[in-house]
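Trainee: The structure is given below, and queries will be raised subsequently.
The values are calculated or read from the model by the stated rules, or taken from the named source; none is laboratory data. What you see is a predicted model, and the numbers here were worked out from it, not measured in a lab. Positions of Cβ are backbone-derived with ideal geometry, glycine not excepted, and every protein chain shown enters the neighbour counts. What goes into the accessible areas is simple: the full protein's heavy atoms, side chains included, and nothing from ligands, DNA or RNA. Shrake-Rupley method; radii C 1.70, N 1.55, O 1.52, S 1.80 Å.
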Amino acid sequence: MREEITAVSAEALVGEAATLKVLGYRLVTLSCTEIDADTLDLLYHFDKDLRMKHLRLTAPKSEAVPSISPVYFAALLVENEIQDFFGLRFEGLAVDYGGTLYLEEEAIKTPYCRFSLRTAESADGPAAPGLDESAAPLSEGAARDRKIP
Amino acid sequence: MRKTVIPFGPQHPVLPEPIHLQLTMEDERIIEAIPNLGYVHRGLERLADIRDFHQMIQVVERVCGICSMIHAACYCQGIEEIMGIEVPPRANYLRVIWSEIHRMQSHLLWLGLFADSFGFESLFMQFWRVREKIMDISEATTGNRVIVSVNVIGGVRRNPDPEQIRWVLAQLEWVEAELQRLENTMLEDYTVKKRTVGKGVLTRQQAYELGAVGPTARGSGVAQDARQTGYAAYGELNFEPVVETEGDCWARNKVRFRETLASIDLIRRAVKRLPEGEVRAKIKGVKPPNGETVTRVEQPRGELLYYLKGSGEKTLDRVRIRTPTFANIPALLAMLPGHFLSDVPVVTLSIDPCISCTER
């Protein structure tokens, strides 16, 4: 990537975002990628005068990540989207849809996870509060071969 | 005062696509709006797992019909950056020309729908009549009216000849004259102003802080347009964004109207400088994408962002799409409080919501 990427910890994330806001950066969006069955890669994209800056957070799926929506209200929808599609829980969301921004109760619960897809049938208990429940991991090969349901 | 919750959408005469706003009212005034999405989500990003990086062009073109060409251009631009492919100059200029044609048909579609949202049916008909000429241009130069499918990794697949380009310029002259005839009505008519001036005001500060993009941000004085980054051939065309400062529905209307005329100007400039030569770089033998990138272009509704990641295989690890309507929803939530219920259709339409993009 051409632009600057800064690695951040979960503890430092909200502080870094607040600093960028003071410096006049606009939040563009977040991108989430599943690295393996236990870990997600979160990229926070910011822009100022058409120059982008990115914060990178490597987050274990089992732990909640602090929401930056109290700092940047615009993060509200994308954090809820990641919560729906990857099962990562965000703490302190301005409006928390509890995993149902896009998904219905009976839908697949982490449809964008390649290595650890969790369906409503395979999940124990209700989906929305159970977002942080561990999922049965698929092998890398099986994840690649699996067709989208 | 007692509060009432009123659902606006997912089905509403003014909405071509389903979105639901949960409006909390005090008497006739809105005090809060909460969006509900997910009625037509298709999970297209996940198709990257089973479609190779060439086939994904056809997938991203179907994120949104109205701006299919620009989705594909953005995706190809990102893949070309990861793979280190240099696009021929003529292909870059043709991408600009087709992008502006797409912007015009999208803005004309919106101008008609916006007129319809406040009941000005004859104006709706006039804008859609003019739009037909743009659709003819798309069909003649690409073979399709909506999903034009001209982008490939390394360039474009069509190469209009000089005769076709002269014909395009002649059609644009007709479009320009027709738009000038409609300008006074759309921007100065008493009924249009009555329904749009002072409605859905978004301040410059709010627009920036809420991450608004495109005409929604530029109508509030934020002079930001991804074309200023100079992607494709925009860097050689002295591009200047169209900006208004009032921040209301009328200002967003003015931005889109003026941008439609500015697109004609950009096409003329691009044609004037259109270089000769190849339109497609050879990529045979180049290894599949290995790396990651963030790439941006300007869609009719605003900044479009793609995050692409590949690990040297035919399928990509991640295709992440941030569409402009998704970025403009928080701004819409800030515009609505304080307004009457009867203003909701006009204010909602003023961000040019594309739910197909949002529910990619």
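Trainee: Within the set of other residues whose C-beta is less than 13 Å from the C-beta of residue B:343, count the net charge using Lys and Arg as +1 and Asp and Glu as -1.
Mentor: Here the charged neighbours net out to +2.
Trainee: In the Gaussian network model of chain B, springs joining C-alpha atoms below 10 Å, which of B:284, B:272, B:314 carries the largest mean-square fluctuation?
Mentor: Top of the fluctuation ranking is B:284.
Trainee: P(r) for chain B, please, calculated from all Cα pair distances in 10 Å bins and given in %.
Mentor: Taking every Cα pair in chain B, the percentages come to 5, 25, 33, 24, 10, 2, 0, 0.
Trainee: Check each of the GluC sites (Glu not before Pro) in region B:1-74 and keep only those in coil by DSSP with at most 14 other C-beta atoms within 10 angstrom; list them in order.
Mentor: When the GluC sites (Glu not before Pro) of region B:1-74 are filtered for loop state and at most 14 Cβ neighbours within 10 Å, B:28 remain.
Trainee: Averaged over its residues, how many other protein chain Cβ atoms are within 10 Å of peptide B:327-339's Cβ atoms?
Mentor: Average neighbour count from other chains, rounded to a whole number: 2.
Trainee: Another question about this same structure. Using a Cα-Cα cut-off of under 13 Å, which aspartates and glutamates could be cross-linked to residue B:314, ignoring same-chain neighbours fewer than 8 residues away?
Mentor: Hits, sequence-local ones excluded: B:49, B:52.
Trainee: May I ask for the net charge around residue B:280, where only other residues with Cβ less than 15 Å from the Cβ of residue B:280 are counted and Lys, Arg are +1 while Asp, Glu are -1?
Mentor: +2
Trainee: What do you get for GluC sites (Glu not before Pro) in region A:1-47 restricted to DSSP loop and a cutoff of at most 14 other Cβ within 10 Å of the site's Cβ?
Mentor: Answer in residue order: A:3.
Trainee: So, how do all the Cα-to-Cα distances of region B:98-237 break down into 5 Å bins, in percent, from 0 on up?
Mentor: 2, 8, 14, 16, 18, 17, 13, 8, 3, 1
Trainee: Here's something else I'd like to know. Please work out the C-alpha center-to-center distance from region B:120-162 to region B:1-66 and express it in whole Å.
Mentor: Between the Cα centre of region B:120-162 and that of region B:1-66, the gap is 26 Å.
Trainee: Determine the equivalent ellipsoid of the protein assembly as shown by diagonalising the alpha-carbon gyration tensor, then write out the semi-axes as square roots of 5 times the eigenvalues, largest first, rounded to whole Å.
Mentor: On the way: eigenvalues 244, 186, 78 Å².
Each semi-axis is √(5λ); the values are 35, 31, 20 Å.
Trainee: Okay, moving on. Suppose every K and R has +1 on its Cβ and every D and E has -1 on its Cβ; what is the size of the dipole of region A:1-69 about the Cα centre, in Debye to the nearest 20? Each step should come with its number before you reach the end.
Mentor: Details: 8 positive and 11 negative charges, 80 e Å.
Roughly 380 debye for region A:1-69.
Trainee: Quick check: with the 1.4 Å probe, what order do B:39, B:208 take by accessible area, largest first?
Mentor: In descending accessible area the options line up as B:39, B:208.
Trainee: Let me know the shape class of region B:225-360, please: from the alpha-carbon gyration tensor, a ≥ b ≥ c as square roots of the eigenvalues, rounded when a/c is under 1.5, otherwise prolate if a/b is greater than b/c, or oblate.
Mentor: In terms of gyration-tensor shape, oblate.
Trainee: Further question on the same structure: Using the Cα centre as the reference, give the magnitude of the dipole from point charges on the C-beta atoms of chain B (Lys, Arg: +1; Asp, Glu: -1; all else neutral), rounded to the nearest 20 debye.
Mentor: Here chain B has a charge dipole of around 580 debye.
Trainee: Only helical DSSP H runs with n ≥ 4 go in: add -39500 (n - 2.57) per run for the protein assembly as shown, normalise by residue count and round the 222 nm mean residue ellipticity to 500 deg cm²/dmol.
Mentor: Calculated mean residue ellipticity at 222 nm is -12000 deg cm²/dmol.
Trainee: Now for a separate question. Any idea how far the Cα center of region A:10-81 sits from the one of region B:311-330, in Å?
Mentor: That distance is 15 Å.
Trainee: Let me ask another. I'd like to know which of B:155, B:213, B:355 lies farthest towards the positive end of the charge dipole of chain B, counting +1 on Cβ of Lys and Arg and -1 on Cβ of Asp and Glu.
Mentor: B:155
Trainee: Hey, what D do you get for region A:2-105 in µm²/s if you plug the Kirkwood alpha-carbon radius into Stokes-Einstein at 37 °C and 0.692 mPa s?
Mentor: 237
Trainee: Taking both sides together, what accessible area is buried at the A/B interface, probe 1.4 Å, expressed in Å² and rounded to the nearest 100? Working shown, then result.
Mentor: Values: alone 8280 and 15040 Å², together 19570 Å².
Interface between A and B: roughly 3800 Å².
Trainee: Let me ask something else. Quote the accessible area belonging to residue A:85 in square angstrom, nearest 10, computed with a 1.4 Å probe and with ligands, DNA and RNA left uncounted.
Mentor: We get 10 Å² for residue A:85.
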